[in-house]
Amino acid sequence: MAETSPTNSQTLVIESSDFSFETISDENGYATVVKFKLENPQVSAGDVLLVLAGSEICFHGLIGQIEDGYATASDPRGSQLPARTH
């Protein structure tokens with residue numbers, strides 16, 4: 001029998017006023033998939049991104065891909081993060 005180690009995910013919490021991102025996908029004016037510069041090298045795919053505006057949750061999604069110092073995360077159902085167009 002092969003040994004398996006438990007997977008531990010962590011949560012990256014960012015205040016919305018400090019969160020710079022590019023909207024990859026949006027719905028009803030809210031960003032559902034975002035791309036952002038990853039400053040913390042300990043964050044990995046499978047971790048959670050939590051964007052707060054004070055005590056309100058704007059975005060709560062799974063980090064899916066990390067490449068070239070940028071990560072993407074998706075919150076397809078509950079995002080309240082306004083979509084940005086560039």
Other-chain or far-sequence residues with amide H under 5 Å of PHE59's (modelled H): VAL51, GLN80
Using θ = phi - 60° and Karplus 6.51 cos²θ - 1.76 cosθ + 1.60, couplings along region 67-72 (whole Hz; Gly, Pro as x): 8, 6, x, 10, 10, 10
Matching label, mean projected area of the Cα convex hull in nm² computed from the structure shown, candidates [x] 6.9; [y] 10.7; [z] 6.5: [x]
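All other residues with a Cβ under 14 Å from the Cβ of SER25 taken together, and with Lys, Arg as +1 and Asp, Glu as -1, what is their net charge? Before the final figure, lay out each step's value.
Values: positive: LYS35, ARG77, ARG84; negative: GLU22, ASP26, GLU27, ASP75.
My count for the surroundings of SER25 gives -1.
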Karplus 3J(HN,Hα) series, Hz, for region 35-44 with 6.51 cos²θ - 1.76 cosθ + 1.60 (x for Gly, Pro): 10, 8, 6, 8, 8, 9, x, 7, 7, 9
Distance between modelled label sites at SER25 and ILE57, nm, 7 Å Cα→Cβ extension: 1.9
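Around GLY69, with a cut-off of 15 angstrom between Cβ atoms, what is the net charge of the other residues, counting Lys and Arg +1 and Asp and Glu -1? Don't skip to the answer; put the middle values down first.
Working: positive: LYS35, LYS37; negative: GLU22, GLU39, GLU67, ASP68.
For residues surrounding GLY69, the net value is -2.
Once the piece of chain linking GLU15 and GLN65 is laid out straight, how much longer is it, given 0.36 nm per residue of separation minus the C-alpha distance between them? Don't skip to the end; give the middle numbers.
Values: separation 50, 0.36 × 50 = 18.00 nm, distance 2.11 nm.
Once the chain is fully extended between GLU15 and GLN65, it gains 15.9 nm.
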Under Karplus coefficients 6.51, -1.76 and 1.60, residue-wise ³J(HN,Hα) of region 53-65 in Hz, glycine/proline x: 10, x, 9, 8, 7, 8, 8, 9, x, 8, 7, x, 9
Net length gained if the chain between ARG77 and GLU39 were fully extended (0.36 nm per residue, minus Cα distance): 11.1 nm
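Rule-based calculations on the coordinates, nothing more; no lab input. Values in this document were obtained by computation on a predicted structure and should not be read as measured data. Heads up, the Cβs are rebuilt from the backbone with ideal geometry, glycines too, and the neighbour counts pull from every protein chain shown.
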